[in-house]
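The values are calculated or read from the model by the stated rules, or taken from the named source; none is laboratory data. Computed from a predicted model, the values in this text were never measured in an experiment. In this analysis, Cβ positions are derived from the backbone assuming ideal geometry, glycine residues included, and neighbour counts consider all displayed protein chains.
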Amino acid sequence: MAEDTDDHLFEEIEEDLRAERYAKLWKRYGKFVIAGFVALIVGVAGFKGWQTYDQKIRAEQSNQYATAARLLAEKKSSEAEKLFAALAKDGSQGYRFLSGLRTATLLKEKGDSKGAQSVYDSIAADTGHKQLYRDLATLLSVMAMLDKGEPTSLKAQLAPLLAKDNPWRFSAQEASALLSLRAGKQKQAYDLLLALSNDAATPQGIRNRAQELSAAIKP
């Protein structure tokens with residue numbers, strides 16, 4: 001979609017140059033515009049060359065991601081992790097995000113919660129990603145340390161995700177309730193879970209868990 005937008009924008013620029021600027025420049029500078037036109041053609045060739053290079057890079061990254069996924073399916077986790085980690089560091093935006101999630105998951109499965117949290121935090125800090133995905137990374141970072149991290153600090157990270165217009169608010173509220181429970185704040189945890197249980201917009205899976213846990217810890 002971004003590539004189509006770029007192509008459309010480039011076509012508009014070309015149209016503008018042909019219909020307006022060339023006419024004005026020719027009137028003012030005559031033959032000197034020829035040199036500018038040649039420079040423009042060279043620039044266009046360079047732009048198209050960059051598009052070809054960009055497409056080549058995207059194809060290479062796609063193959064790298066597919067290879068890593070295949071290695072993971074073959075239980076070759078260490079080899080897959082290296083490829084995912086490389087893409088998470090140097091890949092294009094989409095592959096950085098997806099590979100970062102995969103890398104963090106592999107670290108978590110190995111018991112390296114801190115390492116997983118670090119990867120999630122780097123995704124959350126990457127301004128190249130949409131806020132939706134950065135918020136997801138923040139949520140996953142907290143989840144990675146849910147049973148080990150300091151509850152107050154983790155709840156502070158979740159606070160922005162509790163806004164009514166945030167799509168991750170239900171999961172963030174559930175995690176906040178669990179953190180309250182860990183901190184010994186049973187009433188606070190119960191209130192958060194009860195609110196989830198009573199909210200018609202709460203996804204069914206989260207609502208079911210909230211109902212079960214709130215019933216179990218009811219003050």
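Checked against (1) among the β-branched types (Val, Ile, Thr); (2) in a loop (DSSP other than H, G, I, E, B); (3) within 25 Å of SER78 (Cα to Cα), THR202 passes all but condition (3). Taking the conditions (1) at pLDDT 90 or above; (2) farther than 26 Å from SER197 by Cβ; (3) not hydrophobic (A, V, I, L, M, F, W, C) in turn, THR105 satisfies each one other than (1).
The rows are residues; the columns are (1) in contact with a Lys or Arg (Cβ under 8 Å, 6 or more places away or on another chain); (2) assigned to a helix (DSSP H, G or I).
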{"position": "ALA88", "(1), (2)": "yes, yes"}
{"position": "ALA104", "(1), (2)": "no, yes"}
{"position": "ILE123", "(1), (2)": "yes, yes"}
{"position": "ARG134", "(1), (2)": "no, yes"}
{"position": "ASP165", "(1), (2)": "no, no"}
{"position": "ALA177", "(1), (2)": "no, yes"}
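If we keep just the residues of region 135-164 that are at pLDDT 95 or above and closer than 16 Å to PRO203 by Cβ, which is surrounded by the most Cβ atoms within 10 Å (Cβ to Cβ)? So the residue we want is LEU161.
Give ALA189, ALA172 a once-over and let me know the one that is surrounded by 21 or more Cβ atoms within 10 Å (Cβ to Cβ), among the small types (Gly, Ala, Ser), under 21 Å from the mean Cα position of the chain (by Cα) and assigned to a helix (DSSP H, G or I). Please lay out each step first, then the result.
Values: ALA189 fails: under 21 Å from the mean Cα position of the chain (by Cα).
Just a single option satisfies the conditions, and that option is ALA172.
Inside region 196-208, residues that are within 22 Å of LEU140 (Cα to Cα), surrounded by fewer than 17 Cβ atoms within 10 Å (Cβ to Cβ) and either among the hydrophobic types (A, V, I, L, M, F, W, C) or in contact (Cβ under 8 Å) with a residue 24 or more places away in the chain (or both) make up a count of 2.
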